[in-house]
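> Quick one: structure below, then a few questions.
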Amino acid sequence: MTWLRKRVLLFVSLLTVAYLMLPLLVIIVLSFNKPKGRQNTAWNEFSLAAWTNICRDQTICDSFWVSVRIGLVVTIVATILGTMISFALIRYRFRGQLVTNSMIFLPIATPEVILGASLLALFLNIYVPLGFWTITIAHILFTISFVVVVVNARLAGLDPRLEQAAMDLYATPFQTFRYVTFPLVLPGVVAAAVLSFSLSFDDFIITNFNSGTTVTFPIYIWGAALRGIPPQVNVIASIMFLGTLAVMALLVAVARNRSKTKVVK
Amino acid sequence: MIPYLLILPGLAWILFFFLVPLLSLVATSLQKRAGTSLSEGFVPALQFSNYTSALGEYFPQFIRAFLYAGIATALALVIAYPIAYYIAFKATKYKYLMLVLVIAPFFASFLLRTNAWKTILSADGFVVETLNALSLLPEDRILNTSVAVIFGLTYNFLPFMILPLYASLDRIDPRLVEAASDLYASPATGFWRVVWPLSMPGVLGGVVLTFIPASGDYINAQLLGSTNDKMIGNVIQAQFIVLRDYPIASALSAMFMFVLLIIIVTYIRRVGTRQLV
């Protein structure tokens, strides 16, 4: 009984993980399904058809590449702008810092419907045609804030004496940045970039307001949800999910390896 | 000079594409129709009746959004606390593995994950059949009920609750808990008098981060609920994209934002002051 009592918390936690993972299991399992009707929601028959022919319906793959292209532009712009803001906020003291800080967090504290709706109101009022670029503008807006949060965390934990030491050793400000600061902040910047891409790639609510006739991957799924989502969509989602997990595992392994060698030295 | 140059492009982006659009939204909410039909467009005006007519028509969806989001947030807190506590204090070796597992769902499509609950909660599925065998379901089903919508909201925003809770629990010095037990506090007293108050920043952050997206969500209500479970997000979406009655849609959005802001500020004030006492 005490054995059980000691482990109650563990069991509850594992149950919660199972709860979080259950839909992912369903997504992966149904990617191997041969649906009975149009709706791919119930198990029918094992089939590799979707895995061997992902682009059978060209619109699926087209929408996938639209999302990838938007995601890449968003990641590059948001990561650069967000990292710049983060450096200013953590490394400098300046007038208007508090206002800047709260301005950065406002988009995170606003529901996505409002972000999407207000941008649409602006685009309508100034007659901007909706499409690829309006989606990209909207995505950059809400990802910048997340980049700042992630890079801030990394920068704040960085010992400023490392940079002071470099300057003491006659490094120019540029050299200090290039050889000391930047490599140390890089993991945070990479994490922010990965986060921006996945936020942009998966966003539906804001995109739905500003997409016009452009079909991103989530927009395709939303449209397909009514008539039945083809298993090919599950294949793409499974590949992306398992791929990200693999990359994350790799990053953790590399980080561990590095910290080990540091100790040895 | 340097910090201003660094913040300028990013801040300009937020000003132009967040603050200006919000003003544009308010301006649109006061426009009136140019003719008798929607297709004739709208002209600038100060038609405040847009607000009253929008509220009159969509009051139930308004209330429902905050009600569903509130229940989902409370459920998420109850579900998230044990696992956050476990990761922070007990999962020594598997800490990062468990954190990865909590974050992992983010990397699979939100829409597909929500849709997957259709399979899990389907009428001939294991969950519904078991609950029906125990006659626990008043409507004999879960899908297309408010239960499914609240359940979906709880699921989708759970990581937003777990992560801030974990972050604040992780900062608590475990020796404080030991000190409490050294001073003859029972584990329960130790928890309620030491751990819970110290985790308040995490509770506050988690509640806000869960409640905001949950109240504005329309995906769960659309995919898992019936027409009687529509929330304010569904209405705003439909008005903007399908019906294209922009002034009404904007009025609804502005009111939603305003009420949400009041709720969040009131909540932060009350919890914030209690924390200081």
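The values are calculated or read from the model by the stated rules, or taken from the named source; none is laboratory data. Since the structure is predicted, the reported quantities are computational estimates derived from the model, not experimental observations. Cβ placement follows ideal geometry from the backbone for every residue including glycine, while neighbour counts extend to all protein chains displayed. Areas reflect the complete protein model, heavy atoms only, side chains present, ligands, DNA and RNA absent. Shrake-Rupley method; radii C 1.70, N 1.55, O 1.52, S 1.80 Å.
> Would you mind getting me the FRET efficiency between B:L183 and B:S39? Use the beta-carbon distance for r and R0 = 56 Å, nearest 0.05. Could you put the intermediate results ahead of the total?
Details: r = 74 Å, r/R0 = 1.32.
That pair, B:L183 with B:S39, gives E of 0.15.
> Inverting the mean 1/r over all pairs of different Cα atoms, compute the Kirkwood radius of region B:58-272 and quote it in Å.
One over the average 1/r among Cα pairs gives 19.2 Å for region B:58-272.
> Just how large is the dipole of region B:58-272 about the Cα centre, in debye to the nearest 20, putting +1 at every Lys and Arg Cβ and -1 at every Asp and Glu Cβ?
So the magnitude is around 420 debye.
> Please give the net charge around B:S109, taking every other residue with its beta carbon less than 12 angstrom from that of B:S109, where Lys and Arg add +1 and Asp and Glu add -1.
-1
> Give me the dipole magnitude in Debye, nearest 20, for the protein assembly as shown about the Cα centre, with unit charges on the beta carbon: positive for Lys and Arg, negative for Asp and Glu.
Here the size comes out at about 1300 debye.
> With axes computed from alpha carbons, what is the tilt in degrees of helix A:2-31 against the longest principal axis of chain A, rounded to the nearest 10 within 0 to 90?
60 degrees
> What's the average, rounded to a whole number, of partner chain beta-carbon atoms within 10 Å of each residue's beta-carbon in A:21-33?
Averaged over the peptide's residues, the number is 5.
> How much of A:I54 can a 1.4 Å solvent probe reach, expressed as accessible area in Å² and rounded to 10?
A:I54 has an accessible surface of roughly 50 Å² with all protein chains in place.
> Okay, which of region B:80-94 sit inside 12 Å, backbone N to the point 7 Å along the Cα-Cβ direction of B:M200?
none
> On to the next question. For chain A, what is the mean residue ellipticity at 222 nm derived from helices alone (per DSSP H run of n ≥ 4: -39500 (n - 2.57); sum divided by total residues; nearest 500 deg cm²/dmol)?
Taken over chain A, the calculation gives -25500 deg cm²/dmol.
> Return one number: the angle in degrees, 0 to 90 and rounded to the nearest 10, between the long axis of the Cα atoms of helix B:110-120 and the longest principal axis of the Cα atoms of chain B.
Between the helix axis and the principal axis of chain B, the angle is about 70 degrees.
> Inside 10 Å of the C-beta atoms of A:132-140, what's the mean count of C-beta atoms belonging to other chains? Intermediate results must be reported in sequence, preceding the final value.
Working: counts 0, 0, 1, 0, 0, 3, 2, 0, 4.
Averaged over the peptide's residues, the number is 1.
> Label-point separation (nm) for A:V68 and A:S102, each offset 7 Å from Cα along Cα-to-Cβ?
4.3 nm
> What accessible area, in Å² to the nearest ten, does a 1.4 Å probe give for B:M98?
Near enough 10 Å² of accessible area.
> Can you pull out the chymotrypsin sites (Phe, Trp or Tyr not before Pro) in region B:162-210 whose DSSP state is coil and whose Cβ has at most 11 other Cβ atoms within 10 Å?
B:Y184
> At A:L48 and B:L67, where each label point lies 7 Å from the Cα along Cα→Cβ, what is the point-to-point distance in nanometres?
Label at A:L48, label at B:L67, 5.2 nm between them.
> Does chain A come out rounded, prolate or oblate, given a ≥ b ≥ c as the square roots of the eigenvalues of its C-alpha gyration tensor, rounded meaning a/c under 1.5 and, failing that, prolate meaning a/b above b/c?
The shape class here is oblate.
> How big is region A:164-248 by Rg and Dmax over its Cα atoms, in Å?
20.8, 67
> How much accessible surface area, in Å² rounded to 10, belongs to the heavy atoms of B:I150 with a 1.4 Å probe?
The value for B:I150 is about 20 Å².
> Roughly what percent of Cα-Cα pairs across region B:1-82 reach past 23 Å?
Above the 23 Å cut-off, region B:1-82 has 58 percent of its Cα pairs.
> Also, quick follow-up: Using a 1.4 Å probe and counting only protein heavy atoms, arrange B:T189, A:T52 so the residue with the most accessible area comes first.
Final ranking, largest accessible area leading: A:T52, B:T189.
> Applying 1/(1 + (r/R0)^6) with R0 = 30 Å to the Cβ-Cβ distance of A:Y127 and A:C55, what FRET efficiency is obtained, to the nearest 0.05?
Numbers: r = 36 Å, r/R0 = 1.20.
Computed FRET efficiency for A:Y127 and A:C55 comes out at 0.25.
> Could you please put A:T136, B:T52, A:T41 in sequence from largest to smallest accessible area, using a 1.4 Å probe?
Largest accessible area first, the residues go B:T52, A:T41, A:T136.
> Between A:V29 and A:M167, what length comes free when the chain is fully extended (0.36 nm per residue of separation minus the Cα-Cα distance, one decimal in nm)?
44.0 nm
> Oh, and also: Quick one: Cα convex hull volume of region A:108-216, Å³ per residue?
So the per-residue Cα hull volume is 118 Å³.
> Another one. Report the one residue of A:I108, A:L155, B:S250 whose Cα lies farthest in the direction of the positive end of the charge dipole of the protein assembly as shown (charges on C-beta: Lys and Arg +1, Asp and Glu -1; origin at the Cα centre).
A:L155
> Within a Cβ distance under 10 Å of B:V128, other residues only, what is the Lys/Arg minus Asp/Glu net charge?
-2
> Another question about this same structure. Rounded if a/c is under 1.5, else prolate if a/b beats b/c, else oblate: with a ≥ b ≥ c from the C-alpha gyration tensor eigenvalues square-rooted, which is region A:71-124?
Oblate, since a/c reaches 1.5 and b/c is not below a/b.
> How many lysine pairs does the protein assembly as shown hold where the Cα atoms are under 30 Å apart and the two sit 8 or more places apart or on different chains?
Value for the protein assembly as shown: 16.
> Let me ask something else. Give me the log10 of I(q) over I(0) for the protein assembly as shown at q = 0.05 Å⁻¹, as the Debye formula computes it from C-alpha points; what are the numbers?
Calculated log10 I(q)/I(0) at the listed q: -0.22.
> Hey, with R₀ at 51 Å, roughly what FRET efficiency would A:R93 and A:L226 work out to, going by the Cβ-Cβ distance, to 0.05?
Calculated value: 0.40.
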